[in-house]
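Data block below; observations after.
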Amino acid sequence: MWVVHAGLIKSTGRYWGESASRAQLLHELWPAFVHKLPWLTAAVAVMSVLMMRQNGWFSFGLLLVTAALFSATAIAQAALQSAQENWRDFAVTSTSSITRTLLPPIIYVAAGGTASALYAGLGLHALLVATLAALMLRPYWSNSRPTQPPQLTPIYNGPLFAGLAIVGWIMAGLNRWIAAAFFGTATAGYFVLAGNIALIAAGLLGSIFTQYFQPALFAAPHHTTVERRALAQRVDRIALGYNILALTGLALLRLIAPWFIGGLINENYRASLPYIMPAGFFLTAALTHSFYHTMLVAGQREKACGPVDLSFAGLLTMGSVTTAALGGEIWWQFWLLAAPLFSAILSRSLARFYLLQPT
């Protein structure tokens, strides 16, 4: 779902806050959203064939509607965050957390424990949250004729950001697959658990930094060389601050993690603790790169996101595969620990190169 509509989500986050006619932009987003639904249908069909063996048509239809609603909600929340309507966004996020936690298991139990009931609960959750998100944008509903030039540019409505979203999805699962391929499924399982623990520090901080700084970066002047240099310096400070806090937080988390054993973590999963810092450092590298991706979008250098993102993904993939294949698990972990440094050097250098080029 995020892949198909990634460009629309990105465009909304970038331009909604500064739009002179948000009602018109919303009017443009709706048909663009609908026009991408055939691609979403194809993706859901593939997932249905691979994952579902019973109630195929029912599950397919339910999953398709759910995925479309999730995408619509993501676009709405991108608009709310771009406009810094934080309380409205908080209402959507908190409602989503509550309904996602409660509705699927309640309906699952009430219906006798069937998979279809679980999907139905997820679908109801998606419907409620999407409805609330749409209501939060009620002030911008309008049937009036456009009075401004089109605001949705082809680069956001094209394949670029969908392709980069696929790359991002691959990177999110990369080391889990590498661990399973080279070191066994048990190691992969421990790594996944450690990654979930690491989210407490690196992931949470990344979300906070992104939501806090991104609207201001998108609103920053960027037309002259001096303005673009100022934007780059600002992103450098954000990335540095994030790395200091995230890496320190991961070190502290690793220090206190043994106290979780027996309470929050079963004794059988003690072997996952050594993977907290490698998994967390790799996540920190990815989120550090995302700040420089945001810088290019803020500076209207969207086309440069392709080579910069692919170079970053290529470097980290090559490093992970090579160290796992030739050096074994120890060298693979060392590479993950070094990933933030390589990410900062490569992403910063390439992104600044493209940002500071003459228009």
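The values are calculated or read from the model by the stated rules, or taken from the named source; none is laboratory data. Because the structure is predicted, anything quoted here is derived from the model rather than measured. With ideal geometry, Cβ positions are generated from the backbone for all residues, glycine too; neighbour counts draw on all protein chains shown.
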| said: I'd like to verify a number: residues in the range 173-202 that are surrounded by fewer than 19 Cβ atoms within 10 Å (Cβ to Cβ), touching a residue at least 60 places away in the same chain (Cβ under 8 Å) and within 28 Å of His5 (Cα to Cα), how many? | reply: 2
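Okay, residues lined up against (1) in contact with a helix residue (DSSP H, G or I) (Cβ under 8 Å, 6 or more places away or on another chain); (2) modelled with pLDDT of 95 or more:
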| residue | (1), (2) |
| --- | --- |
| Ile170 | yes, no |
| Leu204 | no, no |
| Gln211 | yes, no |
| Arg234 | yes, yes |
| Leu253 | yes, no |
| request: Check whether at least one residue in the range 129-141 is loosely packed, with under 14 Cβ neighbours inside 10 Å, touching a Ser or Thr at 6+ places or on another chain (Cβ under 9 Å) and among the β-branched types (Val, Ile, Thr), and report yes or no. | output: no
| task | Give just the number: which of (1) within 25 Å of His293 (Cβ to Cβ); (2) among the hydrophobic types (A, V, I, L, M, F, W, C); (3) part of a loop (DSSP other than H, G, I, E, B) does Ala20 not satisfy? | result | (1)
| message | If I filter the range 17-36 for residues that are hydroxyl-bearing (Ser, Thr, Tyr), out of contact with any Ser or Thr (no Cβ under 7 Å at 6 or more places or on another chain) and either farther than 12 Å from Ala78 by Cβ or surrounded by fewer than 21 Cβ atoms within 10 Å (Cβ to Cβ) (or both), do I get at least one hit? | response | yes
| Which residues, counting only those in the range 98-114, are touching a residue at least 24 places away in the same chain (Cβ under 8 Å) and not in a helix (DSSP H, G or I)? | none
| remark: All conditions in (1) within 22 Å of the chain's Cα centre (by Cα); (2) free of Cβ contacts under 8 Å to residues at least 60 places away in the same chain are true of Leu118 except (1)
| note | If you go through Ala220, Ala230, Ala216, Ala239, the only one that is over 30 Å from Tyr269 (Cα atoms), surrounded by fewer than 18 Cβ atoms within 10 Å (Cβ to Cβ), assigned by TED's automatic domain parsing to the domain that holds Thr323 and modelled with pLDDT of 95 or more is Ala230
| task | Quick one: count up the residues across the range 147-204 that are over 18 Å from the mean Cα position of the chain (by Cα) and under 25 Å from Gly13 (Cα atoms). | result | 11
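Within the range 69-92, how many residues are at negative phi and either among the hydrophobic types (A, V, I, L, M, F, W, C) or not in a helix (DSSP H, G or I) (or both)? Step through it out loud before you land on a result.
So in the range 69-92, the residues at negative phi come out as 69-83, 85-92.
Next, from what is left, pick out any that are either among the hydrophobic types (A, V, I, L, M, F, W, C) or not in a helix (DSSP H, G or I) (or both): 69-70, 72, 74-76, 78-80, 83, 85, 87, 90-92.
Total meeting the criteria: 15.
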| query | Given the conditions (1) out of contact with any helix residue (DSSP H, G or I) (no Cβ under 9 Å at 6 or more places or on another chain); (2) assigned by TED's automatic domain parsing to the domain that holds Gly280, and given that Pro154 satisfies all but one, which numbered condition is not satisfied? | reply | (2)
